[in-house]
1. When only residues in the range 82-93 that are under 25 Å from residue 3 (Cβ atoms) and out of contact with any helix residue (DSSP H, G or I) (no Cβ under 9 Å at 6 or more places or on another chain) count, which is most open to solvent (accessible area, probe 1.4 Å)?
2. Restricting attention to the range 94-112, does a residue exist that is within 24 Å of residue 123 (Cβ to Cβ), in contact with a Gly (Cβ under 9 Å, 6 or more places away or on another chain) and open to solvent by less than 50 Å² (accessible area, probe 1.4 Å)?
3. Only one residue in 42, 16, 8 is closer than 19 Å to residue 88 by Cβ, more than 12 Å from the chain's Cα centre (by Cα) and in contact (Cβ under 8 Å) with a residue 60 or more places away in the chain, so which one is that?
4. Filter the range 114-123 for residues that are out of contact with any Phe, Trp or Tyr (no Cβ under 6 Å at 6 or more places or on another chain) and outside any loop (DSSP other than H, G, I, E, B); which is most open to solvent (accessible area, probe 1.4 Å)?
5. Being touching a Ser or Thr at 6+ places or on another chain (Cβ under 9 Å) and assigned to a loop (DSSP other than H, G, I, E, B): is that true of residue 86 here?
6. Looking at the range 52-68, is at least one residue over 22 Å from residue 123 (Cα atoms), touching an Asp or Glu at 6+ places or on another chain (Cβ under 6 Å) and among the basic types (Lys, Arg)?
7. What tally of residues in the range 89-113 results from selecting those that are modelled with pLDDT of 95 or more and part of a helix (DSSP H, G or I)?
8. So which of 57, 85, 52 is on the phi > 0 side of the Ramachandran plot and at pLDDT 95 or above?
Amino acid sequence: QVQLVESGGGLVQAGGSLRLSCAASGRSFSSYDMAWFRQAPGKEREYVAAISRSGGSTYFADFVKGRFTISRDNAKNTVYLQMNSLKPEDTAVYYCAATMYGVHRLSDVYEYWGQGTQVTVSS
């Protein structure tokens, strides 16, 4: 059982930046592949980015390439999502997720989820 807690969300103007953090409980954080998803009101959850267990491989949805960076610090049991050049369409609740079965863009793969953190980008 893994507990994930997101933080760092907030209200920013278009073009601004935020860094989201996801702190994980337990001693086996390095055994999990991690990902970020987001869900806007009235829309289905969508994949944002993923990172392998060691941090050696990263993956991004097309709509965030060049703007977002995913990273992790296994010593701190934390995964980050650095979001730059934010757009109003980035407004959503952002969730982190963990899996022992390999990174994937489909949410079904992930066994553990955080509670989410709200990101709002104004025009």
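The values are calculated or read from the model by the stated rules, or taken from the named source; none is laboratory data. From a predicted model like this one, the values you see are computed outputs, not experimental measurements. Using ideal geometry, Cβ is built from the backbone for each residue, glycine included, and neighbour counts are taken over all protein chains shown. Heavy atoms of the whole protein, side chains included, go into the accessibility calculation; ligands, DNA and RNA do not. Shrake-Rupley method; radii C 1.70, N 1.55, O 1.52, S 1.80 Å.
1. Of the range 82-93, the ones under 25 Å from residue 3 (Cβ atoms) are 82-83, 92-93.
From what is left, the residues that are out of contact with any helix residue (DSSP H, G or I) (no Cβ under 9 Å at 6 or more places or on another chain) are 82, 92-93.
Values: 82: 59, 92: 3, 93: 35 Å².
Among them, the one singled out is 82.
2. Of the range 94-112, the ones within 24 Å of residue 123 (Cβ to Cβ) are 94.
Going one step further and asking which of them are in contact with a Gly (Cβ under 9 Å, 6 or more places away or on another chain), we end up with 94.
Among the residues that remain, those that are also open to solvent by less than 50 Å² (accessible area, probe 1.4 Å) are: 94.
Taking every residue of the range 94-112 in turn, at least one turns out to be within 24 Å of residue 123 (Cβ to Cβ), in contact with a Gly (Cβ under 9 Å, 6 or more places away or on another chain) and open to solvent by less than 50 Å² (accessible area, probe 1.4 Å).
3. The conditions single out 16.
4. Among them, the one singled out is 118.
5. Numbers: touching a Ser or Thr at 6+ places or on another chain (Cβ under 9 Å): yes; assigned to a loop (DSSP other than H, G, I, E, B): yes.
So residue 86 passes the test.
6. yes
7. Result for the range 89-113: 2.
8. 85
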